[in-house]
Amino acid sequence: MESFYEIETTCKRAAKASGFSWGIAEEIGKIIRSLEIMGLPGVKTFYRYLDDVKDGTLSKPTKILSKNIDNNKMYCPIESSVAILDDCKNLFKNNDVIDFNQMAHPLLLIPMLNRASNIIGKKISISFDNIEIILNYNGSLVINSKGPFPNQTNKVSIQSMSTEPTYSKKEYEDLYQLSLETFVEESEGKLSGAGAGLTDND
Amino acid sequence: MKINTQKDKKFVSLRPASEIMKLSRLGSFHQSKLSFLRSFIREFKNWDFKTEYFNLNQEGFGEVVYSLSDSNKSYSLICFANHLNDSERSDRVIATKWDSSFVLFDGIPEKEDIVRLKNNVPLQEKGRTTYKELALSRANKSVRTFDHVVQSLSEGKQPDKDFLSKVGYLYRTTAVYGSGKFGLADRFRIADREELQGPFRLEMMLVYFVRKFTIDQVNHTAKERNPSKAIQLDDDIARNLGIGNSTGLGMAPFIVNHPTLLHQWIMAREKALQLVRSVQYVTMEEKKVFQKFLLQSIDNMKTWVTDSDYQIGKNNQLKEDLKNFNDYFNISIDKEYFWNETYLWVSQNLHDEGIEFIVSLMMEPYGDLVEPLSSEMSIDEDEHFTITGSRKASEIKLIIENHYSWLIQVDFEKKENISNFWYYSKNKQEPRLSNRFEENGSENELPLAIARDIKKLYQEICNVDPESTLSEFLLSQKDLRYVVRRVLMCEKFPYSEIQDNTIAETIIPIDMLRLKLSYFGAIKFDPKSNLWLRITMYQGAPLPHEMKFSDDSWAYRSLI
């Protein structure tokens, strides 16, 4: 098995040889490396993706909109996610949904959007077919599928999420009250154990 | 020593990048307390060294395993030595056989690890290692030197010191790999180990062990040749043998491809200089240490042998500078901020090599101030990789004007300013520099023409709405993405960019090699052409059984 360094370097160079600029090729190396570190099929997906690149069947967005529609070509996940990352603070300001009507190899979206999640400090959800991915802003992710992952999909939805608690106010309050039982009741004798004396005015 | 206060430190500024980051200056750096060889020995001096396994035949071929351990951790070097015909011996990266090959193992290897590695390590790039292996290398004998030492020892006498002083090593490494290459463990696996925080610690460890191996091999081979008469190599002679290295263009792209790491290295040196210049009162002892090492260095320079006219010129100029400096130093008067006064004299009266030599020497009396800076010389490069797309075009323009002003006036339409291109040779698998008007292949140019491409970025960014964002700019300027990233890095890391045109007709690539090698701790630079040079590492360093008792002054010990 190759090291992650080798995977990143080889994929970067393969991307450059496939016509990407060095700047995008650098991003691609890190995208594939990230996927492999996560245990997702980065190299396999990139290998198939390059066939689409060679055939010229992918569409590059010129600007990311809330609804991105191209009826002729599949959107390129690399170009799309790079453009989203570059404009993430603006795009995810109001938690609007970003839709693509069709996209090739949507798995390749994950690493760049993961970085976006870290930058904006909010979780980002990605959904396509029956697959839901939640990107936590600490670099981890939750995914409801072990694969296989689609080569193309007819809809991708991406949305940042405000952090809502997973618990009710009462549940938290009850726990807090329970935690107070680890504290000790005050008495006159114990007051002298307070560092500043009986008053704060020394 | 009066410890400098924050107030004192502000009295002396860091030297500006515009002064230091020129290749002519960077290529004049010398080893110092911050060098990786020296910080490696400081870090591991209290670890226990052991020969775990020694199995060499009569001719010195076979396997040896050494280990370095503390109470929690061990590292091992596994050495494989084999016969090599003289006609097969080559230092080129395309060679397929070597006198010896080495792998640094994470822990103590089991028998099955050694068997597996015996089938792979001698193959080097064509073999495979795993995450259990940390670094990989190979080396060739300096045949004349090796044979002379073995023959002398087998006859019961020590080798000729004058003869040894002309070479300074028994073996030359021709590559040292780490950080995930050829299946080796990725950096992240060892990133949180405190003992490995300094840069290239594993590679320095490997080379240190290899030196031990070369000495053990000559002793063993001599004994096998003449068991009744052979003697061991004297420790004083062994100590003055290092490990040679042939360094070619392969190292040059590194300092361009790792800008934030380069900044950390340079910043540590500049901070060290700032701290020393801020010392208010110098003691007699501190002056004595400095002068002792100055005189030792002038003496050691006699062993700097080279055929290169370029290097001979530099060495002669350095000798002259050090002589002049010594005359100045002998009559200099003690006063407040003595080292600052000294530095100001040096910067006005010496050439680049002399200035940087004295900068290195000035650190020597101040271990307490300088040595902690070694831990600041690494960085997580991925943390600074992402482009902040919300930055405005006007901000990028300003960063370029502030940090890259030198290149704005360069005319990249002129042939002499774009005469070279960097690429990877398909046949030889190594970086090359060729003339773009005489050779094919510039369409596969490596992204090392930083100055040219930042100038292009500047021209493009001047033509867009200053309030437009980088994210908008990059949608249509994908070719410039990689330099946009560098410009943003340079804003936070001012020592990250070489301030020279790396594709100009006038580029001297060995200046790039010298910079990295000085940080490794190499001395005795011997250029064989404009494109590669020989160096020696660990010459004068304590032997493994001496490490615990060593101090950091070994780099100035008198050489053969």
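Here, each number is a calculation from the coordinates, and none is a lab measurement. The structure displayed is predicted, hence computed values, not measured ones. Ideal geometry is used to build each Cβ from the backbone, glycine not excepted, and the neighbour counts take in all protein chains shown.
Let me confirm one metric for peptide B:471-482, namely the mean number of other chain beta-carbon atoms within 10 Å of its residues' beta-carbons.
Partner-chain Cβ atoms within 10 Å, mean over residues of B:471-482: 6.
With label points built 7 Å along Cα→Cβ from the Cα atoms of residue B:344 and residue A:183, find their separation and express it in nm.
Here the answer is 6.1 nm between the modelled labels.
From the phi angles alone, apply the Karplus equation (6.51, -1.76, 1.60; θ = phi - 60°) to region B:99-107 and give each ³J(HN,Hα) in whole Hz, x where the residue is Gly or Pro.
4, 8, 9, 9, 9, 8, 10, 7, x
Name the long-range amide H neighbours of residue A:141: under 5 Å, sequence gap of 5 or more, or other chain; modelled H, no Pro or chain starts.
For residue A:141, whose amide H was placed from the backbone, the distant partners under 5 Å are A:136.
To the nearest Å, what is the center-to-center distance of region B:511-560 and region B:143-192, using C-alpha atoms only?
12 Å
Per-residue mean of other chain beta-carbon atoms within 10 angstrom of the beta-carbon, peptide A:111-118?
Per-residue shielding by partner chains comes out at 1.
Which of the three applies to region B:210-266, rounded, prolate or oblate, going by the alpha-carbon gyration tensor with a ≥ b ≥ c and a/c under 1.5 meaning rounded?
Verdict is prolate for region B:210-266.
If you only keep lysine pairs separated by 8 or more in sequence, or across chains, how many in region B:182-301 come under 24 Å at the Cα atoms?
Number of lysine pairs found: 5.
Under the rule of at least 5 residues apart or a separate chain, name every residue whose amide H is placed under 5 Å from the amide H of residue A:57.
Here nothing satisfies the definition.
Against the globular-protein guess of 2.2 N^0.38 Å, express the Cα radius of gyration of the protein assembly as shown as a ratio, rounded to two decimals.
Cα Rg divided by the expected 2.2 N^0.38 Å: 1.08.
Taking a quarter of the surface of the convex hull around the Cα atoms of chain B, what do you get in nm²?
That works out to 27.4 nm².
Rounded, prolate or oblate: which one fits region B:119-175, using the alpha carbon gyration tensor with axes a ≥ b ≥ c (rounded when a/c is under 1.5, else prolate when a/b beats b/c, else oblate)?
prolate
Would you work out if region A:1-73 is rounded, prolate or oblate? Take a ≥ b ≥ c from the square roots of the eigenvalues of the alpha-carbon gyration tensor; rounded if a/c is under 1.5, else prolate when a/b is larger than b/c, oblate otherwise.
prolate
Taking the number of other C-beta atoms within 10 Å as the exposure measure, put A:92, B:209 in order starting with the fewest.
By the 10 Å Cβ count, ascending: A:92, B:209.
Counting residues in region B:11-147 as N, plug N into 2.2 N^0.38 Å and put the Cα Rg over that result.
1.37
Please give the Cα centre distance for region B:47-89 versus region B:338-390, rounded to the nearest Å.
Answer, in whole Å: 36.
Of the peptides B:371-378, B:437-444, how do they stack up when ordered by the mean number of other Cβ atoms within 10 Å, highest first?
B:371-378, B:437-444
Once the piece of chain linking residue B:465 and residue B:166 is laid out straight, how much longer is it, given 0.36 nm per residue of separation minus the C-alpha distance between them?
The span from residue B:465 to residue B:166 would gain 101.4 nm if fully extended.
At residue A:176 and residue B:191, where each label point lies 7 Å from the Cα along Cα→Cβ, what is the point-to-point distance in nanometres?
3.7 nm
Could you tell me the relative contact order of chain B? Use alpha-carbon pairs under 8 Å, at least six residues apart, and round to a whole percent.
24 percent
Evaluate region B:423-491: find the radius of gyration of its Cα atoms, find its Kirkwood radius, and give the ratio Rg to Rh.
So for region B:423-491, dividing Rg by the Kirkwood Rh gives 1.08.
Could you put A:107, B:448 in order, starting from the residue whose Cβ has the fewest other Cβ atoms within 10 Å?
Going from sparsest to densest Cβ surroundings: B:448, A:107.
Any of A:123/A:155; B:314/B:335; B:426/B:478; B:392/B:415 with alpha carbons more than 23 Å apart? Name them for me.
B:314/B:335; B:426/B:478; B:392/B:415
Can you tell me the FRET efficiency between residue B:410 and residue B:324 if r is taken as the Cβ-Cβ distance and R0 is 41 Å, rounded to the nearest 0.05?
Result of the calculation: an efficiency of 0.75.
Per residue, what volume in Å³ does the convex hull of the Cα atoms of region B:403-560 enclose?
194 Å³
What list do you get for B:40, B:146 if you sort them by fewest beta carbons within 10 Å?
Ordered from fewest to most neighbouring Cβ atoms within 10 Å, B:40, B:146 come out as B:146, B:40.
Sorting check: for B:325-333, B:285-293, which peptide has the highest mean count of neighbouring beta carbons within 10 Å, and how do the rest follow?
The most tightly packed comes first, giving B:285-293, B:325-333.
To the nearest whole number, what is the average tally of beta carbon atoms from other chains within 10 Å of the beta carbons of peptide B:179-190?
Mean partner-chain Cβ count within 10 Å for B:179-190: 4.
Lysine pairs in region B:53-132 with alpha-carbon atoms under 21 Å apart, 8 or more places apart or on different chains: how many are there?
7
I want to check a number: in region A:1-107, how many lysine pairs have alpha carbons closer than 18 Å, given a sequence separation of 8 or more or different chains?
16
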